[in-house]
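I have placed the structure first, in the form of structure tokens, so that the comments after it can refer back to it.
What follows is calculated from the coordinates using simple rules that are stated; it is not laboratory data. Quick caveat, the model's predicted, so the values are computed rather than measured. Glycine also receives a Cβ, built like all others from the backbone with ideal geometry; neighbour counts cover every protein chain displayed.
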Amino acid sequence: MAHVALRITNDDGGTAVIEQAFEYTYPGPVIQTISPTSGPVTGGTAVTITGTGFRPGLIVTFDGRPASILSVTPTSIVCVTPPGL
């Protein structure tokens, strides 16, 4: 998120400014595909997730258990599954 100033300037040069008047927000992530869609209960499966809105620092969980993140781009995540139940 980024807050920015709003500035209005009239044709006579008069201005008004409000600092941090508007906030730009990032859209949330969208998952489009997951591959593969299964793996052993012991975990350790490399999974590629494609979609949009992925950002560095994200967390991927499988049934609440965190995955190990190998790489993140705005449209792709590669992670390794944790052990299952």
Q) Say each of GLU19 and MET1 gets a label point 7 Å from the Cα, pointing the same way as Cα to Cβ; how far apart are those two points in nm? A) 1.8
**Q.** Sequence-separation-based contact order of the chain, relative, with Cα cut under 8 Å and 6+ spacing, percent
**A.** 23
Q: Apply the Karplus parameterisation 6.51 cos²θ - 1.76 cosθ + 1.60, with θ equal to phi minus 60°, to every residue of the range 40-48 and state each ³J(HN,Hα) to the nearest whole Hz, in sequence, with x for glycine and proline.
A: x, 5, 6, x, x, 8, 6, 10, 9
Q | Rounded to whole Hz, the Karplus (6.51, -1.76, 1.60) HN-Hα couplings of the range 75-83, x for glycine and proline | A | 10, 8, 10, 10, 9, 10, 5, x, x
**Q.** Vicinal HN-Hα couplings computed from phi for the range 21-31 (Karplus, 6.51 cos²θ - 1.76 cosθ + 1.60; Hz; Gly/Pro x)
**A.** 7, 9, 10, 7, 10, 8, x, x, x, 10, 8
